[in-house]
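The values are calculated or read from the model by the stated rules, or taken from the named source; none is laboratory data. Please read all numbers here as calculations on a predicted model, not as lab measurements. Don't worry about glycine lacking a Cβ; one is built from the backbone with ideal geometry, like all the others, and counts go over all protein chains shown.
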């Protein structure tokens, strides 16, 4: 019944709109008989072009003013982060300048050369010098960005195994994450989904007879020591997932049937990040929003929202099914001592089996 | 409604003398102009309404997550218990919205309408090389539309693995409800769609190569035809690869092969698949998927070239550079697909290679944008609605294209991959730009299609509100993407981290709703003008191309007498030595007149 009523209302709204447009349509009879733009249309739309240019600038400024503190282009928490962020900022500046200038020229020309009866346009079909100029300038700018980008990319993706990185496996399944550490020997035991044995609580399919696997540690909260390179080995047991750690400027897909990898060195502990004034402002802002929302919820007899405290997160960033929107794992970066103390409390793989 | 003898023409050769019935004229028509209208109504209008309506539902869910809504209750039925949208149907809407807009509206709708209408008329041909194949192509398209829509009515819901349908999610019914019957229908629909697209493309290529009228050399072709021609070539090269990927995926799903699957444990059991790779599917998909962006964009740019030149009363600037950049874009588009896969687990060295080729493609794109701007310079701009949409296209093409410099850079892509930044980028550069191309084309060639004019003031209203809303929706979206918000999240309520994006999301949804509703003005203008529009003059925009020399009334063969011959290129606007500010292509050169070296 509601459905029927809604459809009827939607129909009425559509008819009303139709009629309003029709009135608008009929009201112009006599003002202009031809449906081809005349001088008046050219003039009005020419001015609107300039107004639209102002609108584009306004929305750009407003976005930077209101949303400029959202982007993750500062306060990265990994050693490669600042390099990546400055590449981002340089690219943004280049884009910003080109955008401002070309949009100005486009809309200004549309305004300046608006048609008038009797005027003749300039017959100007070709100019090889101009073509060469605006082929070569993008070539130079892009060459600079490409070279800078490739150096950054190679720095990030080339993982030096001599640094003795901490090896951690990130294991994805619909819809949660697990992490596996190599244990005292820092070597991950062999694993394959065919070895999964739920009865024995071997949920990651680790080879039970592999000597390297005995001291492996499987956890649901990722702890990382500050300052030590970490090499992540990603696996997935069912569909594609993507391990996205935005604060560390890190992301890699988890692909069933193969092991992918990504490495970085955490450079800021969770505690230090919480003391960062920028982050404190952000948290304060979020909590103001949550308090407002809670008032509304409480008024409706629902529970209030918990206050937010900053934590690093690992998110799934590849569509993976119904609960894709809630597939996350907390990451805690801490000092080596805190990390060692935490690790000591964890059960090894051999002890965790039923 | 059967056509009478007066619609028949008498010519020395090549004219169909069969009797037309309602069925052969309007339904199983082999006439390119009627097929163009069929594509326009099915592909652009009907599928467009469905696709845009889905996007509005998606936006409503994002702005008011998990809130009850009568619109959801009405249109989603069991998928919105008590009016609250289900997470599965959210993903399905995202998937089918993408599929419909990319393939049905902007590939088949755009090329189907304007390639069919303009190729024979602008090159001076009686019809397509094969009217019969053209008809089959449309009807296959129609069938694929019907199957895609029917997939909404199967038990477990339509395909919901994203329009890129990456396996294993799309391959395993136990991974997601939509990967059952819904995905089968998606694959069947796409297979038929690809057959339709290939038939159409082959027809376009053959027609352009063989049926040009006397004097219409390749260097005198209007840029529209160049764009349609090259688009068809890209389609013929890349669509079969998607067909093979779809067939292999069907094999994996139904016949137990392991092309894309390996080592899978799901719902408590190990599946038998061994040795395949999902990354292989990504390669096959994007080998079509990236050229697809240009299949969508090039026809829109071709339409823009024609409209900007005509309405500026100036030759298009740098005709040769424009043709060269179309060809360069076409070539480069086939070697950049890997930029969708920087973090897919492929070798990082490949990431470097694809970064290089991807940023190269910015160069011909920049040349095109600068040439459009220079065409405006010292012109005499006639601000018809089609012209406004063309200028709007250049604007969104620049805004959206520039952020491609960030996404095409493998290092920067790490942190914005699959976030709202990507959504903002591709919607501006290919979604909105190509839609503007469609609108520009409809406003410009409506008199040619229906013999009547569309209302210009409604056109102005339509353009300005749409233009403001397009920026209002997609510009702020870059910032929430840079804040790390992943796309395709049903709700962000589990991430307090993103609470500071909620107000922005609300503003975006408001712009989206207004922008969606204003399209009703276009629909009104379109349908009422078909019946009540002012009768159009023969050549309303005072254009040079051949389609304006043919009579508007429905007839086979396009020209009642002999096909006009061509003596010049199509951009002799405001040429010195002529009284009028345009010289149609079929006007012979004056004595001593120089044909411009272009």
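Sort out which residues of segment B:513-536 are touching a helix residue (DSSP H, G or I) at 6+ places or on another chain (Cβ under 8 Å) and under 30 Å from residue B:583 (Cβ atoms), and write them in order of number.
Matches in segment B:513-536: B:529, B:533, B:536.
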Item to complete: Quick one: count up the residues across segment B:480-522 that are at the interface with chain A (Cβ under 9 Å from one of its Cβ atoms) and in a helix (DSSP H, G or I).
Response: 15
Practice prompt. Could you please find all residues in segment B:153-163 being over 13 Å from residue B:99 (Cα atoms) and surrounded by fewer than 23 Cβ atoms within 10 Å (Cβ to Cβ)?
Written response: B:153, B:154, B:155, B:156
Discussion item. Please go through (1) closer than 30 Å to residue B:173 by Cβ; (2) within 25 Å of the chain's Cα centre (by Cα); (3) within 11 Å of chain B (Cβ to nearest Cβ) for residue A:178 and return the number of the only condition it doesn't satisfy.
Written reply: (3)
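With respect to residue A:228, is the statement that it is within 13 Å of another protein chain (Cβ to nearest Cβ), surrounded by fewer than 22 Cβ atoms within 10 Å (Cβ to Cβ), outside any strand (DSSP E or B) and at pLDDT below 95 true?
In short, no.
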Response to the item:
By residue number, the members of segment A:306-317 that are at the interface with chain B (Cβ under 7 Å from one of its Cβ atoms) and within 17 Å of residue B:493 (Cβ to Cβ) are A:308, A:313, A:315
Practice prompt. Report, by residue number, each residue of segment A:318-336 that is surrounded by 21 or more Cβ atoms within 10 Å (Cβ to Cβ), facing another protein chain (nearest Cβ under 7 Å) and in a loop (DSSP other than H, G, I, E, B).
Written response: A:318, A:319, A:320, A:321
Worksheet entry | Positions within segment A:157-182 being modelled with pLDDT under 90 and either at positive phi or part of a strand (DSSP E or B) (or both), in sequence order | A:164
Practice prompt. Would you check which residues across segment A:290-310 are part of a helix (DSSP H, G or I) and surrounded by 13 or more Cβ atoms within 10 Å (Cβ to Cβ) and list them?
Written response: A:290, A:293, A:294, A:297
Worksheet item: Taking the stated definitions as given, is residue A:134 closer than 30 Å to residue A:231 by Cβ, part of a helix (DSSP H, G or I) and out of contact with any strand residue (DSSP E or B) (no Cβ under 8 Å at 6 or more places or on another chain)?
Response: no
Worksheet, complete the sentence: In segment B:245-275, anything more than 7 Å from every other protein chain (Cβ to nearest Cβ), farther than 25 Å from residue B:194 by Cα and part of a loop (DSSP other than H, G, I, E, B) is listed as B:267, B:271, B:272, B:273, B:274, B:275
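In the set B:137, B:111, B:115, B:197, which member is under 29 Å from residue B:278 (Cβ atoms) and buried (at least 24 other Cβ atoms within 10 Å of the Cβ)?
B:197
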Worksheet item: Under the condition of being more than 11 Å from every other protein chain (Cβ to nearest Cβ) and farther than 18 Å from residue A:331 by Cβ, which residue from segment A:148-175 is surrounded by the fewest Cβ atoms within 10 Å (Cβ to Cβ)?
Response: A:162
Discussion item. Filter segment A:60-115 down to the residues that are in a loop (DSSP other than H, G, I, E, B), farther than 14 Å from residue B:406 by Cβ and at the interface with another protein chain (Cβ under 7 Å from one of its Cβ atoms) and list them by number.
Written reply: A:70, A:113, A:115
Worksheet item: Within segment B:393-456, which helices (runs of 4 or more DSSP H) (wholly inside it) include 1 or more residues that are in contact (Cβ under 8 Å) with a residue 40 or more places away in the chain, away from chain A (no Cβ under 11 Å) and on the phi < 0 side of the Ramachandran plot?
Response: B:420-426, B:433-450
